[in-house]
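Novice: Take a look at this one; I'll ask things after.
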Amino acid sequence: MPDNYTLLEKHLRGLPVSQDEVTLTFARIEEILNDRLPSSAHADGLWWGNQKPGIQTEIIPWMDAGWMVEIVDLTAKWVRFVRQ
């Protein structure tokens, strides 16, 4: 994943420890990234997977921040992260 996804990682790390889930719209994630999500993030739920073949989980920014994707709604364009 590109380096700008560290901005999403920083955002998730900055949430209160007491918060165990957060739902972000794709538009909000793009604001955090100051960039557009790739078209695959809008079309393929697997893009949001917590595990990707050939990629260490530490490289997936939300997992490195201690969060996992629980649900992705490609129609409504949002994703719910839960704290690991």
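Bear in mind these aren't lab numbers, they're just calculated from the coordinates by the rules spelled out. Note that this is a predicted model, so its numbers are computed, not measured.
Novice: Build a GNM of the chain with springs between Cα atoms under 10 Å: which of Pro61, Pro16, Pro38 gets the top mean-square fluctuation?
Specialist: It is Pro16.
Novice: Next question. Output the direction-averaged projected area (hull surface divided by four) of the convex hull of the alpha-carbon atoms of the chain, in nm².
Specialist: 5.0
Novice: Using 0.36 nm per residue, how much length does the chain from Gln51 to Glu31 gain when fully extended, once their Cα-Cα distance is taken away?
Specialist: Difference between extended and current length: 4.8 nm.
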